[in-house]
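The structure under discussion appears below in the form of structure tokens.
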Amino acid sequence: MKLFTVILFAAAGALHAQSATALDALKLLPRGEAKKLARIEAREGTPEPERWYLLTHDELSETGLREYVVAAGELVASRNLSQFAESVQPEEVIGGDIVKFDSDKAAGLVQLFAAANDAGGVRIHYQLRKAGPEAVPLWTLTCTNLAGQELGRIVVSATTGNVITHDGFPIEPALPAPTLVTSTSAPKPRAKKKPPTTPEVRVAQPVDRPGPVAARPGFFDRVRGSLEKVIPGKKPEER
């Protein structure tokens with residue numbers, strides 16, 4: 001029976017491989033709406049549901065409520081009413097960034113509990129919300145069989161992935177370490193560091209300096225030279 005349950009969930013997972021997770025659906029909301037997230041609901045996931053219902057706080061609405069519907073990876077509806085709540089108050093807002101444990105990981109926990117307790121085929125009803133202004137958001141995973149009868153509930157922290165309670169599933173399986181999402185937004189690329197530049201070293205070139213300039217003869221030397229040319233063989237002092 002345990003092997004049958006694992007195979008059933010694996011087949012269902014392959015069938016819904018193109019379905020968006022809850023945090024994938026959150027990324028499809030209009031800009032700024034993820035910060036106003038107060039609640040996420042979905043029904044009959046096997047393990048992923050066909051539709052995600054994301055409730056946000058709308059300060060312009062009389063009820064403070066706006067519901068977005070995501071199906072097949074697309075935002076298909078936006079309205080000021082919901083089957084899951086009559087209103088949304090500001091203190092109910094949890095914001096999308098605080099949710100670190102996605103719905104696909106929560107469904108993986110359900111598979112482990114169902115297999116350990118021979119639960120057979122299971123459908124999952126998802127609910128994400130917090131109980132008070134200072135409370136942490138929790139995933140409540142209500143599990144039913146294929147006939148719609150409730151089998152049990154698993155409550156998981158949406159910030160740490162830790163199992164809080166598992167009513168209806170007396171046997172707790174060995175649980176792996178939770179895999180958390182670091183961010184619901186795409187990471188910014190890091191700026192590349194420029195390699196350090198090597199300062200240019202200039203080699204001093206030898207400079208050709210002119211040699212000593214011969215002194216020009218003085219006035220009297222020039223006169224004496226002229227007399228020697230006029231009276232050859234005698235020095236000026238002998239004349």
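The values are calculated or read from the model by the stated rules, or taken from the named source; none is laboratory data. Quantities reported herein were computed from a predicted structural model and do not represent experimental measurements. Glycine also receives a Cβ, built like all others from the backbone with ideal geometry; neighbour counts cover every protein chain displayed. Heavy atoms of the whole protein, side chains included, go into the accessibility calculation; ligands, DNA and RNA do not. Shrake-Rupley method; radii C 1.70, N 1.55, O 1.52, S 1.80 Å.
Close Cβ contacts (under 8 Å, 6 or more residues apart or on different chains) running from residues in segment 40-51 that are closer than 17 Å to residue 109 by Cα to residues that are at pLDDT 95 or above and among the acidic types (Asp, Glu) comprise 44/50; 47/104; 48/104. Among the conditions (1) more than 21 Å from residue 91 (Cα to Cα); (2) open to solvent by 40 Å² or more (accessible area, probe 1.4 Å); (3) modelled with pLDDT of 95 or more; (4) not in a strand (DSSP E or B), residue 25 misses just one, which is (2).
Take residue 33 and tell me if it is farther than 21 Å from residue 143 by Cα, of a type outside the set (Gly, Ala, Ser) and surrounded by fewer than 13 Cβ atoms within 10 Å (Cβ to Cβ).
Against the criterion (farther than 21 Å from residue 143 by Cα, of a type outside the set (Gly, Ala, Ser) and surrounded by fewer than 13 Cβ atoms within 10 Å (Cβ to Cβ)), residue 33 does not qualify.
Of all the numbered requirements in (1) surrounded by fewer than 20 Cβ atoms within 10 Å (Cβ to Cβ); (2) of a type in the set (A, V, I, L, M, F, W, C); (3) farther than 18 Å from residue 131 by Cβ, residue 20 misses one, and that requirement is (1).
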